[in-house]
Amino acid sequence: MIALATRIGASVRLALTDVGASARLFLALLARSPQALVRFVLVREQVFYLGNRSLSIIGVSGLFVGFVLALQGYYTLQRYGSAEAVGLLVALSLVRELGPVVTALLFAGRAGTSLTAEIGLMKAGEQLTAMEMMAVDPVQRVLAPRFWGGFIAMPLLAAVFSAVGIIGGWLVAVPLIGIDSGAFWSQMQGGVEVFADVGNGVVKSLVFGVTVTFVALLQGYTCSPTPEGVSAATTRTVVLSSLAVLGLDFMLTAMMFSI
């Protein structure tokens with residue numbers, strides 16, 4: 001019994017230590033952000049690296065999600081004589097929920113793992129230690145530009161995902177199924193509100209961008225400086241980011257609908 005209590009206590013202590021280290025790194029990122037944003041060229045490079053290189057998978061995924069939403073929505077709505085509202089269904093599903101969430105999951109798998117591997121390899125190669133020896137703060141020079149690059153790229157990618165998904169829904173609903181194009185767009189324009197629907201999606205994408213990028217940087221910065229350590233950190237990035245996105249999505253949705 002004493003041994004079990006000892007193991008539980010050690011596990012709790014280790015978890016609290018990890019939480020404290022994560023909080024310190026997050027506060028350090030925020031404290032050094034003004035200096036990093038002054039050299040905005042570094043942030044711009046990361047926006048290009050994280051955003052532009054994820055654009056293809058975001059666009060293709062958004063297109064096929066729009067296809068599926070239009071088909072499923074049409075077969076459901078036609079039972080109630082509301083097939084023309086498929087455009088509204090596609091738009092609300094994308095801008096409120098699927099756009100931010102699916103983009104964040106894809107972003108974690110594409111850009112998050114890349115960030116973790118890059119930082120982990122820099123740590124394994126002692127590049128971060130060399131920066132400290134030359135009086136260069138690695139948090140300010142390496143982590144902060146990547147953090148803000150992910151923060152900026154994530155909502156842009158979510159907007160692209162939603163826009164391409166709506167186009168995909170139109171391609172299925174109008175040319176393939178035969179729904180009137182005017183009814184498709186008018187239902188969408190009349191039912192989607194900028195602040196209540198699009199605004200909620202933007203807020204979610206910003207929160208997810210901060211979460212996924214920080215988890216990726218944290219795992220890379222704190223990983224063991226070995227090939228096995230970098231590999232394990234990359235796996236943890238995908239798992240923890242995905243769980244965090246899904247959990248935060250539930251909490252944000254509950255708060256937004258309760259207001």
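Only one of 69, 77 is surrounded by 22 or more Cβ atoms within 10 Å (Cβ to Cβ) and within 18 Å of residue 183 (Cβ to Cβ); which?
Values: 77 fails: surrounded by 22 or more Cβ atoms within 10 Å (Cβ to Cβ).
After applying the criteria, what remains is 69.
If residue 145 satisfies all but one of (1) within 20 Å of residue 26 (Cβ to Cβ); (2) free of Cβ contacts under 8 Å to residues at least 40 places away in the same chain; (3) buried (at least 17 other Cβ atoms within 10 Å of the Cβ), what's the number of the condition it fails?
The failed condition is (2).
Residue by residue, here is whether (1) modelled with pLDDT of 75 or more; (2) more than 24 Å from residue 140 (Cβ to Cβ) holds:
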{"residue": "2", "(1), (2)": "no, yes"}
{"residue": "5", "(1), (2)": "no, yes"}
{"residue": "10", "(1), (2)": "no, yes"}
{"residue": "15", "(1), (2)": "no, yes"}
{"residue": "18", "(1), (2)": "no, no"}
{"residue": "28", "(1), (2)": "yes, no"}
{"residue": "31", "(1), (2)": "yes, no"}
{"residue": "38", "(1), (2)": "yes, no"}
{"residue": "49", "(1), (2)": "yes, no"}
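Within the range 223-230, can one find any residue that is acidic (Asp, Glu) and buried (at least 16 other Cβ atoms within 10 Å of the Cβ)?
First, pick out the residues of the range 223-230 that are acidic (Asp, Glu): 228.
When the remaining residues are screened for being buried (at least 16 other Cβ atoms within 10 Å of the Cβ), the result is none.
No, the range 223-230 has no match at all.
Of the conditions (1) within 26 Å of residue 206 (Cα to Cα); (2) free of Cβ contacts under 8 Å to residues at least 24 places away in the same chain, residue 76 satisfies every one except a single condition; which number is it?
Going through the list (1) within 26 Å of residue 206 (Cα to Cα); (2) free of Cβ contacts under 8 Å to residues at least 24 places away in the same chain, residue 76 breaks only (1).
Which residue pairs have Cβ atoms closer than 8 Å, lie 6 or more positions apart in sequence or on different chains, and pair a first residue in the range 180-200 that is over 14 Å from residue 163 (Cα atoms) with a second residue that is of a type outside the set (A, V, I, L, M, F, W, C) and at pLDDT below 85?
Pairs found: 180/84; 183/84; 184/84; 187/84.
May I ask you to list the residues in the range 108-137 that are modelled with pLDDT of 85 or more and of a type in the set (S, T, N, Q)?
Selection gives 113, 114, 116.
What are the pairs, 6+ residues apart or on separate chains, where a residue within the range 149-170 that is in contact (Cβ under 8 Å) with a residue 12 or more places away in the chain has its Cβ under 8 Å from a residue that is of a type in the set (Asp, Glu)?
Hits for this filter: 149/45.
Six or more apart or on different chains, Cβ atoms under 6 Å: show the pairs whose first residue is in the range 9-33 and in a helix (DSSP H, G or I) and whose second is small (Gly, Ala, Ser) and surrounded by 10 or more Cβ atoms within 10 Å (Cβ to Cβ).
Between residues of the range 9-33 that are in a helix (DSSP H, G or I) and residues that are small (Gly, Ala, Ser) and surrounded by 10 or more Cβ atoms within 10 Å (Cβ to Cβ), the close pairs are 29/144; 32/144; 33/144.
Any residue that is of a type outside the set (A, V, I, L, M), closer than 26 Å to residue 52 by Cβ and modelled with pLDDT under 90 - is there at least one of those in the range 186-198? Working first, answer last.
Within the range 186-198, the first condition is being of a type outside the set (A, V, I, L, M), and the residues that meet it are 186-187, 189-191, 193, 195, 197.
This time we only want the ones that are closer than 26 Å to residue 52 by Cβ, so: none.
For the range 186-198, residues of a type outside the set (A, V, I, L, M), closer than 26 Å to residue 52 by Cβ and modelled with pLDDT under 90: absent.
Looking at this structure, is residue 227 free of Cβ contacts under 8 Å to residues at least 24 places away in the same chain and either of a type outside the set (S, T, N, Q) or more than 30 Å from residue 42 (Cα to Cα) (or both)? If you could, list the steps in order and put the result at the bottom.
Numbers: free of Cβ contacts under 8 Å to residues at least 24 places away in the same chain: no; either of a type outside the set (S, T, N, Q) or more than 30 Å from residue 42 (Cα to Cα) (or both): yes.
Here the answer is no, as residue 227 does not meet what is asked.
The values are calculated or read from the model by the stated rules, or taken from the named source; none is laboratory data. Note that the structure is a prediction, hence the values are computed from the model and not measured. Note: ideal-geometry Cβ built from the backbone for every residue, glycine included; neighbour counts use all protein chains shown.
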